[in-house]
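Asks: Mind looking over this structure? Questions follow.
Read-outs: derived from the displayed coordinates by stated rules, not from any lab. Because the structure is a prediction, the values reported are computed rather than measured. Note that we place each Cβ from the backbone using ideal geometry, even for glycine, and neighbour counts take in every protein chain shown.
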Amino acid sequence: MKALVLLSGGIDSTTCLGMAVSLYGREEVCALSLSYGQKHTKELEAAEKTAEYYQVEWLSMDVSNIFTYSTCSLLKHSQEEIPHESYAEQLKKQEGTPVSTYVPFRNGLFLSAAASIALSKGCSLIYYGAHSDDAAGNAYPDCSSEFHQAMNQAIYTGSGKQVMLEAPFVSWTKAEVVKKGLELGVPYALTWSCYEGGEKPCGSCATCIDRAAAFKKNNAEDPAL
């Protein structure tokens, strides 16, 4: 069994990588990171470092042109400011639509690319780190269980029943992901979650807020701070 892990450099995907390595061994795991035109390269640098830590093959690819027409606040060409408030506060203003940091159908694109690469690399499993906190309130609909089930079926069918999709945290909270990562000894000091690209995490964007809460719920210090 060989696994391809979508690796962003954040907590969730790095925990996925740690889990895959613990299950299959580093020789049977490779990691794929995709540049989508984000405002900074911190997370890609983190992804490379964590792949190096686990001694797995690291693949990288640029798909930024696909998002040329998006105004998503995470993208470098966007004039939109990244919100500095929790997802819950943002969702109150969204009337059921995704938050401004939702990159349009990003996971759909990433998983489709991963399926093609998995077939070429002889991988029968694709791991990605979607979790229930991101899907809550339709903030990131491509992190939901419904999306996972649909994409899994599409990839399994479209690959000639050779590749399946694993989202081990899709029903977990971020705190539960961190708990699992701490048990596995995941190198969280190497990860990057912040939407801003400063020297240190801003501490006030939604993903920084969620990360801090997840460590707090586990009575643990965030080693990246």
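Asks: Which translational diffusion coefficient, to the nearest whole µm²/s, is obtained for the range 1-97 from the Stokes-Einstein equation, given a Kirkwood hydrodynamic radius over C-alpha pairs, 25 °C and 0.890 mPa s?
Replies: 163
Asks: For residue 225, what charge total do you get from the other residues with a beta carbon under 13 Å from its beta carbon, if Lys and Arg give +1 and Asp and Glu give -1? Let's see the in-between values first.
Replies: Values: positive: 200, 211, 216; negative: 199, 221, 222.
Counting the neighbours of residue 225, the net charge comes to 0.
Asks: Let me ask another. Give the long-range amide H neighbours of residue 2: residues separated by 5 or more places, or on another chain, with amide H under 5 Å away, using H modelled in the peptide plane at 1.01 Å from N.
Replies: Long-range HN contacts for residue 2: 124, 125.
Asks: Explain nothing, just the number: dipole magnitude of the chain about its Cα centre with +1 on each Lys and Arg Cβ and -1 on each Asp and Glu Cβ, in debye rounded to the nearest 20. It would help to have the intermediate numbers written out before the result.
Replies: On the way: 18 positive and 26 negative charges, 51 e Å.
That gives a dipole near 240 debye.
Asks: Now for a separate question. Please tell me which of these pairs span more than 28 angstrom C-alpha to C-alpha: 39/217; 49/200; 2/179; 92/180? Before the final figure, lay out the partial values.
Replies: Working: 39/217 30 Å; 49/200 17 Å; 2/179 25 Å; 92/180 31 Å.
Flagged as over cut-off: 39/217; 92/180.
Asks: Please state the relative contact order of the chain as a whole percent: Cα pairs under 8 Å, 6+ residues apart? Mind showing how you got there, number by number?
Replies: On the way: 424 pairs, mean separation 54.2, N = 225.
Averaging sequence separation for qualifying contacts and normalising by length gives 24 percent for the chain.
Asks: Mind computing the radius of gyration and Dmax over the alpha-carbon atoms of the chain? Å is fine for both.
Replies: For the chain, the Cα radius of gyration and maximum Cα-Cα distance read 16.4, 46 Å.
Asks: Enumerate by residue number the trypsin sites (Lys or Arg not before Pro) in the range 147-225 meeting two conditions: DSSP loop (anything except H, G, I, E, B), and at most 11 other Cβ atoms within 10 Å of the site's Cβ. List each step's numbers first, then the result.
Replies: Values: sites: 161, 174, 179, 180, 211, 216, 217; in loops: 161.
Sparse-neighbourhood loop trypsin sites (Lys or Arg not before Pro): 161.
Asks: Which FRET efficiency, nearest 0.05, do residue 221 and residue 97 yield, Cβ-Cβ r, R0 30 Å?
Replies: Working: r = 36 Å, r/R0 = 1.19.
The value I calculate is 0.25.
Asks: Calculate for the chain the 222 nm mean residue ellipticity that helices alone would give, adding -39,500 (n - 2.57) per DSSP H run of length 4 or more and normalising by residue count, nearest 500 deg cm²/dmol. It would help to have the intermediate numbers written out before the result.
Replies: Details: 8 runs with 89 residues, N = 225.
After summing the helix terms and dividing by residue count, I get -12000 deg cm²/dmol.
Asks: Can you tell me, using C-alpha contacts under 8 Å and at least 6 residues apart, the relative contact order of the range 1-83 as a whole percent?
Replies: On the way: 133 pairs, mean separation 24.3, N = 83.
Across the range 1-83, relative contact order equals 29 percent.
Asks: Using only the alpha carbon atoms of the range 133-225, find the Kirkwood hydrodynamic radius as the inverse mean reciprocal pair distance, in angstroms to one decimal.
Replies: Working: mean 1/r = 0.0665 Å⁻¹.
With all distinct Cα pairs of the range 133-225 included, I get 15.0 Å.
Asks: Taking the Cα-to-Cβ direction at residue 154 and at residue 84 and moving 7 Å from each Cα, how far apart do the two end points lie in nm?
Replies: In this crude spin-label approximation the distance works out to 3.7 nm.
Asks: Counting other beta carbons within 10 Å of each Cβ, put 143, 208 in order, fewest first. List each step's numbers first, then the result.
Replies: Numbers: 143 25, 208 20.
Neighbour counts put them in this order, fewest first: 208, 143.
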